[in-house]
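Data first, discussion second: the structure below is written as structure tokens.
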Amino acid sequence: MSAQTAIAILDSMFDLFKQMGSGIALDLHWLEICRRLRRVRAEAVWSADLDLVATKLKAQAGHYAMTYRPPGNSDWIRQSNAERLDEVVTYYSILRAHLEQQLPP
């Protein structure tokens, strides 16, 4: 088990978040996030805290995928989409911080 490998897998998700922001294939991106989180879990020393944050990350990504609306000319929709995607990235950041604590000094 390697926290460094888990962080590398987690970091590879950031490209998925950027693609999700464009609204393309959101369901496929959500499934890929779930798959990568399973790989992260296999690599890291897992705890209840990590499990909670990973569950929230999956939930926020799923919520974003289900509620995404093409912005068209509406700044309000664009802002709403961005705020929901920011929540996904927030939980990614929290999960990454927990994994960084597992790195040797």
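The values are calculated or read from the model by the stated rules, or taken from the named source; none is laboratory data. The structure presented is a predicted model; accordingly, all values stated were derived computationally and were not measured. Using ideal geometry, Cβ is built from the backbone for each residue, glycine included, and neighbour counts are taken over all protein chains shown. To get the accessible areas, we keep the full protein, side chains included, count just its heavy atoms, and leave off ligands, DNA and RNA. Shrake-Rupley method; radii C 1.70, N 1.55, O 1.52, S 1.80 Å.
Scanning the stretch 67-102 for residues that are surrounded by 14 or more Cβ atoms within 10 Å (Cβ to Cβ), of a type in the set (Ser, Thr, Tyr) and either assigned to a loop (DSSP other than H, G, I, E, B) or at positive phi (or both) yields a total of 1. Filtered by the rule that a residue be surrounded by 14 or more Cβ atoms within 10 Å (Cβ to Cβ) and at pLDDT 90 or above, the stretch 45-57 gives Leu50, Leu52, Val53, Ala54, Lys56, Leu57. Restricting Ala48, Ala65, Ala82 to those that are small (Gly, Ala, Ser) and touching a Leu at 6+ places or on another chain (Cβ under 8 Å) reduces the list to Ala65.
Return the only residue of Asp86, Asp27, Asp11, Asp15 being touching a residue at least 60 places away in the same chain (Cβ under 8 Å) and of a type in the set (Asp, Glu). Walk me through it before giving the result.
On the way: Asp86 fails: touching a residue at least 60 places away in the same chain (Cβ under 8 Å); Asp27 fails: touching a residue at least 60 places away in the same chain (Cβ under 8 Å); Asp15 fails: touching a residue at least 60 places away in the same chain (Cβ under 8 Å).
That would be Asp11, the only listed residue that is touching a residue at least 60 places away in the same chain (Cβ under 8 Å) and of a type in the set (Asp, Glu).
Working only within the stretch 1-20, note down all residues that are in a helix (DSSP H, G or I) and open to solvent by 40 Å² or more (accessible area, probe 1.4 Å). Selection gives Gln4, Thr5, Ala8, Asp11, Phe14, Asp15, Lys18, Gln19. Sub-7 Å Cβ pairs linking a first residue in the stretch 52-72 that is among the polar types (S, T, N, Q) to a second residue that is open to solvent by less than 50 Å² (accessible area, probe 1.4 Å), at least 6 apart or interchain, are Gln60/Val88; Gln60/Tyr91; Thr67/Arg84, ordered by first then second residue. Could you tell me which residue of the stretch 30-41 is nearest to Ala8 (Cα to Cα), considering only residues that are free of Cβ contacts under 8 Å to residues at least 40 places away in the same chain and among the hydrophobic types (A, V, I, L, M, F, W, C)? For the stretch 30-41, the residue satisfying everything is Leu37.
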